[in-house]
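Structure first, then comments.
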């Protein structure tokens, strides 16, 4: 089984739109949405939830008001300003980092550290196959851990189903969740757009993939909106010896398909954007076969 990771250095490049189209084109696969902070692949795929599991990570401080004397010790020691004092100590869940200082030094043993329920992860059925995805609660952290969990469960599901491809919609940017999504990836596809910020953030993704020694290819989405920047991206790929798989033109019919919560192939299969995506997918399949023949170099 091969793992194909779709990334973008910034939001709004069309990463999820293109990933959903790949999901339509790919055969014998399992899907994973690792953009756990702001997941949106489910909007297009309309998943039917078959499993829901709690995501527990870290701890939060909880005050037992029957023991608390409002002495103020925890208020003075909390470096995150997560505690106020009224009749008892009051903990702000959004500010609490679960460091445990308040519980350790409370003279009345009135503070406990309880497991933190950060969100959920799901296994769902879609018209394109199984989707493993997640939802992080607002303001919660540890999204990198949740990404690792989603990928682990997606791999297990892919093995159970005998799938030969795990198609991963990765998070935007280059932060902790993106780093987690690199684990086990055989090929990265970086989606960019013809803008200065798109080129800048593409370079950051390439630096990250070079660090982890994961083969990376590039797609320019909406390339004709700024042809001069598209040419700069092409030159960058040439200088950096990065394979440019192709370009996708701007097409309002892609937007119309998204409004209908469909992929462009389901609504406008013969439009230019769909044809470009199909040609690119053919290149990806060949590239995955090339990667398949290489010796394993990365730990999983």
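Key figures for this structure:
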{"read-out": "Count of segment 47-94 residues which are within 37 Å of the chain's Cα centre (by Cα), within 30 Å of residue 135 (Cα to Cα) and touching a residue at least 24 places away in the same chain (Cβ under 8 Å)", "value": "22"}
{"read-out": "Residues located in segment 189-211, provided they are touching a strand residue (DSSP E or B) at 6+ places or on another chain (Cβ under 9 Å) and assigned to a helix (DSSP H, G or I)", "value": "198, 199, 201, 202, 205, 206, 208, 209, 210"}
{"read-out": "Qualifying residue in segment 217-233 (condition: in a loop (DSSP other than H, G, I, E, B), within 23 Å of the chain's Cα centre (by Cα) and touching a residue at least 60 places away in the same chain (Cβ under 8 Å))", "value": "yes"}
{"read-out": "From 154, 158, 163, residue being in contact with a strand residue (DSSP E or B) (Cβ under 8 Å, 6 or more places away or on another chain), assigned by TED's automatic domain parsing to the domain that holds residue 17 and outside any helix (DSSP H, G or I)", "value": "163"}
{"read-out": "Residue check, residue 123 closer than 30 Å to residue 164 by Cα and either surrounded by fewer than 13 Cβ atoms within 10 Å (Cβ to Cβ) or touching a strand residue (DSSP E or B) at 6+ places or on another chain (Cβ under 8 Å) (or both)", "value": "yes"}
{"read-out": "Qualifying positions in segment 239-279 - surrounded by fewer than 15 Cβ atoms within 10 Å (Cβ to Cβ), more than 25 Å from the chain's Cα centre (by Cα) and closer than 19 Å to residue 45 by Cβ", "value": "269"}
{"read-out": "Residues that are touching a residue at least 60 places away in the same chain (Cβ under 8 Å) and at positive phi, drawn from segment 129-177", "value": "129, 142, 162, 173"}
{"read-out": "Segment 81-99, residues that are in contact with a strand residue (DSSP E or B) (Cβ under 7 Å, 6 or more places away or on another chain) and surrounded by 15 or more Cβ atoms within 10 Å (Cβ to Cβ)", "value": "82, 83, 88, 89, 90, 91, 96, 98"}
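Conditions (1) assigned to a helix (DSSP H, G or I); (2) surrounded by fewer than 20 Cβ atoms within 10 Å (Cβ to Cβ), marked per residue:
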position	(1), (2)
7	no, no
20	yes, no
23	yes, no
30	no, no
39	no, yes
53	no, yes
60	no, yes
67	no, yes
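The values are calculated or read from the model by the stated rules, or taken from the named source; none is laboratory data. Please read all numbers here as calculations on a predicted model, not as lab measurements. We place every Cβ from the backbone using ideal geometry, glycine too, and count neighbours over all the protein chains shown.
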